[in-house]
Amino acid sequence: MNIHFKMSQLLRQEVLTRLFLPHSFAHERVGFLSCRVAATVNGMLVLAGDFHPVRDTDYLEDHSVGAMMGPAAIRKALQLAYNNACSMFHVHCHEHKGRPGFSGTDFRETAQFVPDFFNVQPALPHGALILSTDSAVGLCWTGQTNLPLPLAKISFVGEVLKLI
Amino acid sequence: MNKSTLQRQRFLGPNSDDILGRSRIGVVGLGGGGSHIAQQLGHVGIGHFVLYDSQSLDETNLNRVVGGTEKDVSHAIAKVSIARRVINSINPHAEITEVQGLWQTQPEPLRDCDVIFGCVDTYQGREQLERFARRCLIPYIDIGMDVHAIDGGFSISGQIALSLPSRPCLWCMGVLYEALLAEEASQYGAGGGRAQVVWSNGILASTAVGLFIQLVAPWHTQQVLPILLEYDGNTHAVNSSRKERILRRMKCTHYTADLGDPFFTLTSQGDLNGDQNYVYDKSA
């Protein structure tokens with residue numbers, strides 16, 4: 001199955017700007033992208049629509065990781081997925097150029113909470129996206145107990161069309 | 001494509017061969033405009049094509065369809081098959097999805113395209129294609145030409161429009177408007193086609209391909225991507241529309257932010273486990 005993830009350059013810029021804002025104790029910021037989906041010939045198209053940053057007060061103070069979301073952050077994201085019948089992708093940024101990668105911590109943490117979205121939206125895929133300053137990588141879950149699949153293609157659409 | 005085939009276009013960037021080779025391009029309508037576009041995209045090294053046209057070649061097409069022959073007319077060869085033959089004669093490795101039919105009946109291959117070229121005859125066709133492209137965040141490049149009777153002869157004109165998500169649409173540009181669609185609907189079924197000529201089709205198609213390349217492999221850091229270009233076939237000039245400055249400040253209100261297929265469910269997607277288990281990056 002090929003999963004193609006797309007977002008506009010405008011939205012990407014907004015996400016990067018807001019993720020780079022300093023936080024009083026968290027070393028990095030995270031958020032969620034609410035997405036819509038459509039079927040393609042051999043997979044699906046995931047289309048990011050809106051960015052929902054985790055609120056300042058919803059981070060936990062944990063210096064062993066860049067950012068630790070508290071239960072309120074997850075609960076609000078689940079509520080959003082339920083209310084809007086949308087697919088949800090967790091997003092954060094690695095501050096460098098070139099293709100980023102999921103660290104062991106990134107993988108372990110996302111694998112813990114992303115499957116929970118199937119409790120509220122079981123018919124839609126959910127996942128996680130890591131942006132760098134000029135690239136991206138992502139994982140997509142197609143079921144609560146399925147292993148995640150890598151995003152086969154990521155596109156940023158705007159006056160420059162970036163295909164990753 | 002062979003590495004040396006594209007060496008004369010390396011100024012498009014060190015990764016341009018790869019970007020173009022990975023691009024999946026939809027061409028809807030393979031008549032006078034679309035056949036030129038398909039041929040040029042074959043030359044620049046596009047790796048994946050999705051081609052739509054419901055018609056077969058007839059003798060009235062021979063004045064402009066690139067690659068079309070008398071033999072094709074006598075065998076009633078589909079226009080999509082002619083385009084495939086032209087592309088494959090340039091790049092035998094290009095992957096081509098060919099649909100002899102309306103795109104609306106098989107939209108799935110089109111959804112996965114990185115860019116769609118609309119080379120359709122009708123305004124309603126343009127409206128539907130642009131709406132579809134917006135829902136899937138696909139840049140849409142529209143070309144069209146017309147010939148009007150004026151005092152003392154005829155005027156050839158046309159346009160090349162680049163419709164990007166969150167930028168002005170064909171309605172904002174004035175390419176589409178209600179009266180035009182209503183007039184077209186009132187003439188539905190009327191015989192006779194619009195006047196079309198190969199040289200004007202070629203100019204519009206070449207400019208459209210140039211816009212596409214500028215989008216995926218910009219060759220200048222200060223590039224300004226046009227929104228609407230107008231073609232005057234009597235002076236043989238292509239210029240930015242006089243509306244361009246207004247369009248640059250305009251926020252499109254014709255399309256909402258609706259994306260994707262509202263009826264999509266995972267249960268209709270077959271095998272979801274796949275075989276591409278992810279291994280995390282131990283160095284990250």
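Each value in this text was obtained by applying a stated rule to the coordinates, not by laboratory testing. In this text the structure is predicted, and so the values were computed from the model without any measurement. Ideal geometry is used to build each Cβ from the backbone, glycine not excepted, and the neighbour counts take in all protein chains shown.
Here are some notes:
- When the Cα gyration tensor is reduced to axis lengths a ≥ b ≥ c, the ratio a/c stays below 1.5 for segment B:3-268, which is therefore classed as rounded.
- Spin-label zone in segment A:1-16 - amide nitrogen under 17 Å from a point set 7 Å from the Cα of B:Arg22 along the C-beta vector: A:2-9
- Stretchable slack from B:Arg194 to B:Arg245, in nm (0.36 nm times residue separation minus alpha-carbon distance): 15.3 nm
- Segment A:56-80-segment B:81-115 distance, computed between alpha-carbon centres (Å): 46
- Taking amide H as placed 1.01 Å from N in the peptide plane, the amide H of B:Gln55 sits under 5 Å from that of B:Lys79, each at least 5 places away or on another chain.
- Relative contact order of segment B:3-268: 20 percent, from C-alpha pairs under 8 Å at least 6 residues apart in sequence.
- Sequence-distant aspartates and glutamates (8 or more away, or on other chains) whose Cα lies within less than 17 Å of A:Lys97: A:Glu28, A:Asp134, B:Asp281
- Sequence-distant contacts, meaning Cα pairs under 8 Å at least 6 residues apart, place the relative contact order of chain A at 25 percent.
- Global form of the protein assembly as shown, assessed from the alpha-carbon gyration tensor, a/c cut-off 1.5: prolate
- Between the alpha-carbon centres of segment B:181-253 and segment A:89-157 there is a gap of 38 Å.
- Straight-distance crosslink candidates among lysines, where the alpha carbon sits under 17 Å from B:Lys79 and sequence neighbours closer than 8 are dropped: B:Lys71
- Rg and Dmax, both from the Cα atoms of chain A and both in Å, are 14.7, 46.
- Counting every other Cβ atom within 10 Å of each residue's Cβ, B:His43, A:His27 order from fewest to most as A:His27, B:His43.
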